[in-house]
Amino acid sequence: MEHRSLLLPTWLRDYRRDWLRPDVIAGLTAAAVVIPQALAYATVAGLPVQVGLYTAFLPMLIYAWLGTSRPLSVSTTATLAILTGTALDRVVQGDGANLLTALPTLTLLVGAVLVLAAALRLGFIANFISDPVLTGFKAGIGVVIVVNQLPKLLGIHIAKGSFLQNLSAIWTGLPHTSITTLAVGLVTMAVLVAMERLWPRLPAALIAVAVAIVAVNVFALPQHGVETVGHIPTGLPSLTVPNPSFLVDLWPAAVAIALMSFTETVAAGRAFAARNEPAPVANRELLATGLANAGGAMLGAMPAGGGTTQTTVNRLAGARTQLAELVTAAATLGTMVFLAPLIGDLPQAALAAVVMVFAVGLIRPAEFGAIRHIRRTELLWALTAMAGVVLFGTLQGIVVAICVSLLALAYQESNPPLYVLRRKPGTNVFRPVSAEHPEDESFPGLLLLRPEARIFFANAANLGQKANRFIDAANPRVVVVDLSAVFDVEYTALKMLTAAERKARDDGRILCLTGLNPQVLELVRRSPLGAALGRERMCFDLEQAVARFEGIASGESDRSLGPGSPAASDTAAP
C-alpha cells in the first residue's frame with residue numbers, strides 16, 4: 001500500500017477537475033513570492049543567487065509528489081539559509097572553489113538525516129521544541145539576518161565575524177556608505193512595505209525586484225557604484241557530486257539543519273491544513289523532505305523545507321492540492337531557462353532589502369507579548385533562545401533552543417503542582433483553596449491534598465517537601481492524598497510514599513490514599529505501601545474518605561485504622 005502511494009500519491013488519485021483552475025492560479029501566485037525569496041535567501045547563505053532557483057525547483061517537485069501536506073510550499077527559508085551559510089563558512093573559510101562542492105555534501109547529508117529519521121520513525125521529535133523557544137529562535141535569526149544584510153544595503157564591505165563584531169564593523173564603515181546604493185535599498189523596501197499593506201494580494205516582492213532591475217537599466221546605476229548580482233547561468237544546472245572529504249566536518253550542522261527543516265515543515269503543514277484535508281503525517285513528512293533534499297543535492301541546491309510565508313500565499317491564493325506546487329516549480333524552471341539574464345541586473349541592495357523585510361517578519365513582538373501575558377517563565381525561555389542565536393551563533397543557537405526546551409520540560413515535570421483541597425458547600429465537589437471561594441468547607445484535623453502529575457523519581461522529593469510544608473502548617477491528624485490526577489507512580493516514588501506513611505504513623509498521624517486508577521492501585525497493592533495501608537486507608541474517592549475519617553480527625557473517634565482493622569468492608573476499597 002505504501003509503495004502504491006509513492007508511485008501515485010493520494011491527492012492525484014482523488015483529484016477533481018474543478019480544483020485545476022485554483023491550483024494553477026495558486027501555483028503561479030506562490031511563484032511570484034518563492035522566486036524572489038529563493039534568490040534572496042541564497043545570498044543570505046553566501047551562495048550564488050541561482051542556487052536559490054535550483055532549491056525552488058527539484059526539491060519542490062519531489063515534495064509535491066511525496067508529501068502529505070496539500071498547501072505546503074517547499075524551497076528554502078530564512079532559518080535554513082542562515083544555518084547553511086554558517087555551516088559552509090566554517091568548512092570552506094572563504095574558499096569559493098570548495099563552496100560549491102561542500103554545498104551538495106551538506107544538502108545530501110541533511111536529506112540522509114531526514115530519511116534515516118523517517119526509517120526510525122522519529123517524527124515525534126518535532127514536538128521537542130516548544131513554541132516559545134521556536135519564537136525566540138526565529139526572532140534571533142531575524143536579528144542576525146538584518147545585521148548581515150546591512151552592509152549590502154549601505155554599499156560597504158566588512159570582514160564578517162561574530163554578531164557584535166559585525167555591528168562594530170558596520171558602525172566603523174558608516175562614513176563610507178554609498179548614498180545611491182542606500183537609496184535603491186530604501187526605495188525597494190518602501191515599495192515592498194507599501195504594497196503589502198495597501199495591496200496585499202499583489203506579488204510585492206516580484207514587483208519590487210522587477211522595478212529595481214528596470215531602474216538599473218534606465219538610470220545606469222552600476223556607473224554610480226550600485227553593485228548588481230552579476231551573470232547567472234541560463235538553463236538547467238549541471239549535476240553536482242558531493243565531496244566525501246567534507247562529511248565529517250558537516251554532519252553536526254546537517255543534523256541541526258535537518259531538525260529545523262522538519263520542524264518548520266511540520267509546523268507550516270499543520271498550521272495551514274484545512275478541516276476537510278488529512279493532517280500531515282510526521283514520519284511521511286520526514287521521508288518527503290529527506291528525499292527532496294537528497295534530490296536537490298544532485299543539482300547543487302541548498303537545504304530545503306516548508307516555508308510559512310510562501311505556504312500562506314499558496315493557501316490564500318486557493319491551492320487545493322500539491323499540483324499548485326508543481327506549477328510553482330514549473331514557473332521556477334521557466335525563470336531559469338528564460339529570465340536568468342534579467343535577474344543578473346538585480347541590485348544587491350534591492351535583494352538585501354527583500355531579505356530584510358522578510359527577516360523582520362520573523363521578529364514578532366506580539367508573540368512575545370502573548371507569551372508574557374500567559375506565562376512569564378516561558379517568556380524567559382523565548383528570550384534565552386533568541387540570545388543564544390544572536391550571541392553564540394545560529395548552530396549554537398539550535399543547541400541552546402533544544403537545551404532550553406528540554407530543561408523547561410524537565411523543570412515542569414520535576415515541579416508539579418500540589419493543592420490543598422476544600423469542599424464546595426452543598427456538593428461533593430472538592431477544589432483547590434482559593435481566595436475566590438472563602439466559603440468552601442474545611443474539616444478540623446483533616447488535610448486533603450491533590451498532586452497533579454505522574455509521580456516519579458525526579459519529582460517525588462519535591463512533592464514530599466511541599467506536602468510537609470502543608471502538614472506542618474495545618475498539623476492535621478489525618479492526611480488524605482487524592483491521586484485521581486496521577487496516572488502513574490514509579491518505583492522510587494512508591495518507596496518514598498511508603499517512607500512517608502511510616503513517618504506519619506510515627507508522628508501519630510494517619511495517611512490515606514484515594515482516587516487510585518486501576519494501574520496505580522495494582523502497583524500500590526504489590527508494594528509494602530499496600531500492606532501498610534490495607535483496605536481501610538485506600539478509599540474510592542474524597543467523599544468516602546471524608547465520611548470515613550472526619551470523626552477520627554476531629555477526635556470524636558479513636559478506632560484503629562491499621563491494615564488488619566476489622567472495620568474494613570468490601571465497599572471501602574477502590
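Mind checking whether some residue in the range 477-489 is part of a helix (DSSP H, G or I), in contact with a strand residue (DSSP E or B) (Cβ under 9 Å, 6 or more places away or on another chain) and surrounded by 15 or more Cβ atoms within 10 Å (Cβ to Cβ)?
The answer is no; no qualifying residue exists.
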Seminar exercise, completed: Residues of the range 494-520 being under 18 Å from Q544 (Cα atoms) and either outside any helix (DSSP H, G or I) or over 37 Å from the mean Cα position of the chain (by Cα) (or both), in sequence order, are I510, L511, C512, L513, T514, G515, L516, N517
For this session: Specify which of the listed residues (T263, T240) is assigned to a loop (DSSP other than H, G, I, E, B) and surrounded by fewer than 24 Cβ atoms within 10 Å (Cβ to Cβ).
Result: T240
For this session: Could you grab me the full set of residues in the range 287-326 that are assigned to a loop (DSSP other than H, G, I, E, B), of a type outside the set (K, R) and over 22 Å from A40 (Cα atoms)?
Result: A317, G318, A319, T321, Q322
Exercise. With L523, L542, L497 as the choices, which residue is at pLDDT 90 or above, within 18 Å of G464 (Cα to Cα) and among the aliphatic types (A, V, I, L, M)?
Worked result: L497
Exercise. What pairs can you find where one residue is in the range 152-172 and within 20 Å of G393 (Cα to Cα) and without any contact (Cβ under 8 Å) to a residue 24 or more places away in the chain, the other is among the β-branched types (V, I, T) and surrounded by 12 or more Cβ atoms within 10 Å (Cβ to Cβ), and their Cβ atoms are less than 6 Å apart, with a gap of 6+ or different chains?
Worked result: N166/V147; A169/I158
Seminar exercise, completed: With criteria (1) over 21 Å from G46 (Cα atoms); (2) free of Cβ contacts under 8 Å to residues at least 24 places away in the same chain; (3) part of a helix (DSSP H, G or I), P200 comes up short on (3)
Seminar exercise, completed: Across the range 46-100, the tally of residues that are among the hydroxyl-bearing types (S, T, Y) and farther than 26 Å from A139 by Cα stands at 3
Exercise. Is one or more of the residues making up the range 344-362 outside any helix (DSSP H, G or I) and buried (at least 23 other Cβ atoms within 10 Å of the Cβ)?
Worked result: yes
Exercise. Among the residues of the range 101-118, is there at least one that is in a helix (DSSP H, G or I) and modelled with pLDDT under 90?
Worked result: yes
Exercise. Do you know which of the residues in the range 439-460 that are assigned to a loop (DSSP other than H, G, I, E, B) and small (G, A, S) is farthest from the chain's Cα centre (by Cα)?
Worked result: G445
Exercise. Can you name every residue in the range 269-293 that is buried (at least 21 other Cβ atoms within 10 Å of the Cβ) and either charged (D, E, K, R) or at pLDDT 80 or above (or both)?
Worked result: G269, P280, A282, E285, L286, L287, A288, T289, G290, L291, A292, N293
Problem set entry | Flag for A349 being under 27 Å from the mean Cα position of the chain (by Cα) and either basic (K, R) or over 30 Å from V486 (Cα atoms) (or both) | no
For this session: Name every residue in the range 48-96 that is surrounded by fewer than 24 Cβ atoms within 10 Å (Cβ to Cβ), part of a loop (DSSP other than H, G, I, E, B) and touching a helix residue (DSSP H, G or I) at 6+ places or on another chain (Cβ under 8 Å), in order of residue number.
Result: P48, V49
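The values are calculated or read from the model by the stated rules, or taken from the named source; none is laboratory data. None of these values were measured; they are calculated from a predicted model. Here the Cβ is made from the backbone with ideal geometry for all residues, glycine too, and neighbour counts use every protein chain on show.
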